[in-house]
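What follows is a short report on a single structure.
The values are calculated or read from the model by the stated rules, or taken from the named source; none is laboratory data. Every value quoted in this text rests on a predicted model; they were computed, and no experiment measured them. Counting neighbours? That spans all protein chains shown, and the Cβs are built from the backbone with ideal geometry, glycine included.
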């Protein structure tokens with residue numbers, strides 16, 4: 001399985017150090033927490049292939065499926081074509097798909 005996430009002891013220790021740094025810096029804010037998570041993803045998964053994911057807009061609940069170049073291009077942010085909200089469903093690259101790999105509605 002090419003998208004399997006393996007967390008090593010080194011990664012776990014680095015993440016723990018980052019959480020401790022945030023806590024001693026006056027407590028984490030949303031911005032500092034997101035920056036830390038992004039640093040972690042960029043450091044340990046720099047060339048990760050996008051993870052296929054079924055996406056629903058968190059604002060209007062419209063289904064989001066990446067098409068055209070976005071179906072294969074690595075990206076973090078997704079824009080709802082119904083309401084215009086731009087959001088990041090994960091700290092690693094994702095791609096909105098109709099069906100998860102290995103699953104398909106055969107009706």
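At pLDDT 80 or above and either touching a strand residue (DSSP E or B) at 6+ places or on another chain (Cβ under 8 Å) or surrounded by 11 or more Cβ atoms within 10 Å (Cβ to Cβ) (or both): is that true of residue 35 in this structure? Walk me through how you get there before you give the answer.
Values: at pLDDT 80 or above: no; either touching a strand residue (DSSP E or B) at 6+ places or on another chain (Cβ under 8 Å) or surrounded by 11 or more Cβ atoms within 10 Å (Cβ to Cβ) (or both): yes.
Answer is no for this residue.
Scan the stretch 43-67 for residues that are under 16 Å from residue 99 (Cα atoms) and either out of contact with any helix residue (DSSP H, G or I) (no Cβ under 9 Å at 6 or more places or on another chain) or modelled with pLDDT under 85 (or both) and jot them down.
If the condition is that a residue be under 16 Å from residue 99 (Cα atoms) and either out of contact with any helix residue (DSSP H, G or I) (no Cβ under 9 Å at 6 or more places or on another chain) or modelled with pLDDT under 85 (or both), then 50, 51, 52, 53, 54, 55, 56, 62, 63, 64, 66, 67 are the ones that fit.
Can you tell me which of (1) in a loop (DSSP other than H, G, I, E, B); (2) under 21 Å from residue 103 (Cα atoms) is the one residue 84 doesn't meet?
Exception for residue 84: condition (2).
Does residue 94 qualify as being over 17 Å from residue 56 (Cα atoms) and either within 15 Å of the chain's Cα centre (by Cα) or surrounded by 10 or more Cβ atoms within 10 Å (Cβ to Cβ) (or both)?
The answer is no for residue 94.
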